[in-house]
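This report refers to the structure that appears directly beneath it.
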Amino acid sequence: MATPRALVLRTAGTNCDRETQYALELAGFEAQCVHILRITENPALLDETQLLVLPGGFSYGDDVAAGKILANQLMHHLAEPLTRFVQAGKLVLGICNGFQVLLKSGLLPWAKVDPAAANRDATLGWNDCGQFVNRWVHLRANSDKCVFIGKGEVISLPIAHGEGKFVPRDNSVLETLRAGDQVALRYCDAADNTGGDKANPNGSIDDIAALCDPSGRVLGLMPQPERFVTATQHPTWTRGNGRSLDGLRLFQRAKQALS
Amino acid sequence: MGIDAEGVTTARRYELLGAISDDQRDLIARRLLANAVIEDVHYQAYTPGELVAREYQLQLRHVPIGDLDDAALERLSADGDLFLNLTEMRAIQQYFRAAGREPTDVELETIAQTWSEHCGHKTFRSDVAVYDAGGTLLEEIPNLIKSTIFLATRQLDRPWCLSVFEDNAGVIAFDDDYAICFKVETHNHPSAIEPYGGASTGIGGVIRDPMGTGLGALPVANTDVFCFGPVDMPLTDVPTGVLHPKRVMRGVVAGVRDYGNRMGIPTVNGAVYFDEKYLGNPLVFCGTVGLIPRDKCFNHPKAGDAIVVVGGRTGRDGIHGATFSSGELTHAHETQFSHAVQIGNAITEKKMLDTLIRARDGDLYDAITDCGAGGLSSAVGEMGQELGAEVHLDRVPLKYAGLSYDEIWISEAQERMVLAVPAENVEPILNLFASEDGEATVIGHFGLADRKLRLLYESQVVGELDMEFIHEGLPRSTRRAEWQAQRHPTPPPPEQDDYTDTLKRILAAPNVASKEWIIRQYDHEVQGGSVIKPLVGATHDGPGDAAVIRPVLASNKAVALSVGMNPLLGELDPYQSALHAVDEALRNIVAVGGNLDHTAILDNFCWGRCDRPDLMASLVRSAKACYDAAIAYGTPFISGKDSLNNEFKTESGSNITIPPTLLISAISVIDDAGKCITADAKAAGNFIFIVGRTAAELGGSHYLKVEKLPTGNDVPPVDTAANCRVLKAVQRAIAAGAVRSCHDLSEGGLAVTAAEMAFSGQLGMELNLTAMPVGSTDTHGQRPIPTAALLFGESAGRLLVEVPPESFDTFCRAMGEVPFGELGKVTDTAALVIYGPGGGAKPLIDADVAELKAAWQGTFDW
């Protein structure tokens, strides 16, 4: 098949766009970083794209709330083309700040870009420790549905965020997400045990680190897969731990899902 | 949202609960919640009267100077916050007498800023007459910095040094396509008054240095080093006008975190030091490394180029920052100079950066520089030095109306840069900024036939100065240096049977203890180039020696960054202290697999008032040591900065002067990131070797400090030639693949280094000090060495390395003639056991590794 095209959306305060583009290229995508204003001027750019990536960073300084302003732009200027994009079975990946944007625009959890529904059923709040944290975590892949990660694996990726605590509106939302197989990743420890402060870096409810939509083709995650695409990015590579490149594999599976 | 806005104002509402007095309420509101520079406090419901500030009406102000006598000139300098001395004021008076007129306020301000210590580095560029304590002239040094630091770089003449001491950052070659540049700045005075704002604009400012180097570099890493007062000091001991050190530390860390993280630049390396003498004057060093294409390393504004200001708008913040930072702080400064602290907005800077890199790659401009200290005054003044420049101050975009012409000219509002743009590119560049939702504005042009700086407001000339006078008119001065050798008693340390508790106390000492609380708040992996992180080891929480990043993701080439600093030694012996600092920075580079042959260093001097001959003498000694060390190790200086007058005058009139503090930052280019190593012990059964000699001296050591023993002057002497051989031998051994882990010996000496390697690797170690090479090179171990010096001595030029049995021979061959000794092995016992020379039944140290780690981690477990 033709090389799939990925579009990395950037705006003021985006800051993981370059390495995300590099990771996508390593995984076999044709990738480019595009400013939000180019897309609002010409939404047809999305027609030529198979994977839309919202990378990490501090879009608009996270003023108001993390990801809020960019989410508003998506809802008010791009609702129709984005809905078409998702309905066509194309992939959306929101990493860190991108995950926050997906939740606040309605693309997650229900794949509806809709101001009325957005940010109603789940949100990402301040970490329990009250500050930004950068460290590596273990994650258990949990969903059969999610096309980005294979169920049952324990993977290792870094987190770097201040507002990453996943909070559903209530227990029924949580139950719906679980029942729908939408919980893509859970924080765990190296031995695959969940629960406890050591494993869960931000206090996320039910240890949830990533969520997909009901189709499994829209994924938002707090950990940063673009930061583990080469061996020397792992914190213990000098100890001779030959780990698989868990971040790179996520992008590679996205490519497979498009073929 | 479809609303037409004429003006917008924002407010925050706080509700204070509980019984508090009006005084307490005021204190909380004004000191903790509001920033007096930009905010008002109201205690009742408040509706702003006027949203749009009143327009400024031009009122040209002249300052009569021609007829003033010396006393009046000095008064004018003091009252106008010009911070100029009498000789300088006289030179200005003469210039305007010759011109037959009086200066305008903006002309005086322009000269004061260009000639400020902050911008002009007068002290370092002055001639120095050095006297001994008896008043005998020992030597005369013309232009101190040229005779020391610059001279070393010139003599070393490394082909990979591309641009040194010329631009906003020093530039060295990286590979065929790219160069890297590095600059380290201080932002001390603002951080003392407003830690969060001071530190965030400190990092924001130094990021613009690489961005303003050549035709603009992409920032790829930040470093930060802080010096604070003791964080456990009782509040009642903190003098008036000084913030508690813990509050300063929290504010500074948060400021660097919020700005650096939002910029998407990894903060990868740093250090923190604590000393009572930093109480009134904390030090905040911020560094930024940039990546720049080889063909974009230089810039030349051309006559006719438009002057274009880009980025943030100009406001009243940061006025007099350059001159303010050139004086000493007093207890009244907090209120007097609150306007000197700038206000940062990282996203404005990020947006500007994203756009500038695109403009650079489109070859849209001829030159670029940042608006740092001195604002437009210094940026346009520097760029137009050879060409002259005309600036229409009324065209500068403002945050709010009402700024006078001189406020616009000297404002240090953040996130602004100045470009020289050829006429044909003006429209494309304005369009490019608009397309990224940014702002760019033409405010004048470079190139006047008479090489003048001409300032206009609404077409009326408000200032006109000769570029030659601004830049070359500063009278040269000769400083007096008089070295007062200090003699402190140096009793030999007591001998103990067991040093286990001593080791734990040193590990918990604030200068040694884990800084994980800080490190984790910084994004140190953004941009994806992380190779060696600031924390290393089996559970990612042990201390690293140097950070390593790959700035070009598609390449395996890497850059190592490290620091060396030892304020405890600075006061005892500024010469040896500087040698130690250089040695430590380079040891750290070598310890991760760095290449000494492609390593450059940077200097940052923070001193007290150098009009005091004794401090001037200590500055001279330190600068001379910098020259000696750079030559001995073959590592050229490529950039530097000094911040003098770091003193604090308390209400009662006494002065707190910081210890002479020299920060050395090192940057090394590594060919293969995959060959780097870390400090954590890797496997039981591997040999542990020490490389380098241990001297008997303990002066300025953390052992003496922690044990509250008197600190003598006996700083361990640095044999730079011998140490250079040690570093090169270790570099050879690492390159040969014979070393699994390597850690430098610094604060706390051998015992601390061994403990850190063991607990980082979740392993134990059993060592015996019999084979430890001791004594200085001269004494060859003739003197008896106190046990404390073996365990905790801080001699430079030493590293501890872990060598697998199969690499034993390779390692020994790589060592050649340098002193080294086999101390023992890595064990899987979870204990650190160290026997004294000759062994014996009872070890000097027998500690559970987990307990050592707990001691090291407990201090800042905030």
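So if R0 is 45 Å, what FRET efficiency would B:E74 and A:D170 give, r being the distance between their Cβ atoms, rounded to the nearest 0.05?
0.05
If you count, for every residue in A:128-134, the Cβ atoms of partner chains within 10 Å of its Cβ, what is the mean?
Average neighbour count from other chains, rounded to a whole number: 5.
Of the trypsin sites (Lys or Arg not before Pro) in the stretch A:174-246, which ones lie in a loop per DSSP and count no more than 15 other C-beta atoms within 10 Å?
Listed in order of number, the matching sites are A:K198, A:R243.
Nearest 20 debye, what's the magnitude of the dipole of the protein assembly as shown about its Cα centre given +1 on Lys and Arg Cβ and -1 on Asp and Glu Cβ?
It works out to roughly 2380 debye.
Based on DSSP H runs of at least 4 residues, each adding -39500 (n - 2.57), what is the mean residue ellipticity at 222 nm of the protein assembly as shown after dividing by all its residues, to the nearest 500 deg cm²/dmol?
-8500 deg cm²/dmol
Run the simple label-point estimate for B:Q460 and A:Q87 please: 7 Å along Cα→C-beta, distance reported in nm.
The two pseudo-label positions are separated by 6.5 nm.
Roughly what percent of Cα-Cα pairs across the stretch A:1-148 reach past 26 Å?
Summing the P(r) of the stretch A:1-148 above 26 Å gives 22 percent of all pairs.
Quick one: length gained pulling B:A841 to B:D501 fully straight, 0.36 nm per residue minus the C-alpha distance?
Fully extending the segment from B:A841 to B:D501 adds 120.5 nm.
Considering only the protein assembly as shown, what is the antiparallel percent among its DSSP beta bridges, to the nearest 5?
70 percent
What is the distance, in nm, between label points placed 7 Å from the Cα along the Cα-to-Cβ direction at A:N42 and at B:L151?
6.1 nm
Taking loop as defined by DSSP and a crowding limit of 16 other beta carbons within 10 Å, which GluC sites (Glu not before Pro) in the stretch B:379-456 fit?
When the GluC sites (Glu not before Pro) of the stretch B:379-456 are filtered for loop state and at most 16 Cβ neighbours within 10 Å, B:E386 remain.
Putting +1 on Lys and Arg Cβ atoms and -1 on Asp and Glu Cβ atoms, find which of B:A738, B:P786, B:L750 reaches farthest to the positive end of the dipole of the stretch B:703-790.
Farthest towards the positive pole: B:A738.
Going by Cα centres, the stretch B:430-501 and the stretch B:179-245 are how many Å apart?
15 Å
Test of understanding: what is the full-extension gain from B:I20 to B:D237, defined as 0.36 nm times their sequence separation minus their Cα-Cα distance?
75.7 nm
For B:S643, enumerate residues with amide H under 5 Å from its amide H, sequence gap 5+ or separate chain, H modeled in the peptide plane.
B:F605, B:C606, B:W607
Under a Cβ-only charge scheme (Lys and Arg +1, Asp and Glu -1), can you give me the dipole magnitude of chain B about the Cα centre, in debye to the nearest 20?
Rounded to the nearest 20 debye, it is 1220 debye.
Connecting C-alpha atoms closer than 10 Å in a GNM of chain A, tell me which of A:N202, A:N171, A:N127 has the biggest fluctuation.
Looking only at A:N202, A:N171, A:N127, the largest GNM fluctuation is found for A:N171.
Once each part is reduced to its C-alpha centroid, what is the distance from the stretch B:60-132 to the stretch B:580-649 in angstrom?
For the stretch B:60-132 versus the stretch B:580-649, the Cα centre distance is 30 Å.
Towards the positive end of the charge dipole of the protein assembly as shown, with charges on Cβ (+1 Lys, Arg; -1 Asp, Glu), say which of B:N299, A:L7, B:N168 has the farthest Cα.
A:L7
Equivalent ellipsoid semi-axes for chain B, as square roots of 5 times the alpha carbon gyration tensor eigenvalues: give them largest first, rounded to whole Å.
Whole-Å semi-axes of the equivalent ellipsoid: 47, 29, 28.
State the Cα centre-to-centre distance between the stretch B:735-765 and the stretch B:686-713 in whole Å.
Their Cα centres are 16 Å away from one another.
Please give the residues of the stretch B:736-767, grouped as numeric ranges, whose backbone N is less than 12 Å from a label point set 7 Å along the Cα-to-Cβ vector of B:T829.
Within reach of a label on B:T829: B:764-767.
Find how much the distance from B:N655 to B:S555 grows on full extension, using 0.36 nm per residue of separation minus their present alpha carbon separation; answer in nm with one decimal.
Net length gain for the segment: 30.8 nm.
What residue among B:V849, B:V421, B:C610 has its Cα farthest toward the positive end of the dipole of the protein assembly as shown, where the charges are +1 on Lys, Arg and -1 on Asp, Glu, each on the Cβ?
Positive-most Cα among the choices belongs to B:V849.
If you place +1 on the Cβ of every Lys and Arg and -1 on the Cβ of every Asp and Glu, how big does the dipole about the Cα centre of the stretch A:5-257 come out, in debye to the nearest 20?
It comes to approximately 340 debye.
Extending each Cα 7 Å along its Cβ direction at B:E424 and A:R120, get the distance between those two points in nm, one decimal.
5.8 nm
Rank A:L45, A:L24, A:L93 by mean-square fluctuation in a GNM of chain A with C-alpha springs under 10 angstrom and give only the top-ranked residue.
A:L45
What's the Kirkwood radius of the protein assembly as shown in Å, using all Cα pairs?
30.8 Å
Based on the mean of other beta carbon atoms within 10 Å per residue, what is the order of A:16-23, B:852-859, most packed first?
So the peptides A:16-23, B:852-859, ranked by packing, come out A:16-23, B:852-859.
Are there GluC sites (Glu not before Pro) in the stretch B:459-553 that DSSP puts in a loop and that have at most 16 other Cβ atoms within 10 Å, and which ones?
Sites meeting the loop and neighbour criteria: B:E495.
So what's the net charge close to A:N119: Lys and Arg +1, Asp and Glu -1, counting the other residues with Cβ under 10 Å from its Cβ?
Residues near A:N119 contribute +3 overall.
All of the numbers you see were taken from the coordinates with simple rules; none came from a lab. Note that the structure is predicted; figures quoted are calculated from it, not measured. Glycine gets a Cβ as well: all are built from the backbone with ideal geometry, and neighbour counts include every protein chain shown.
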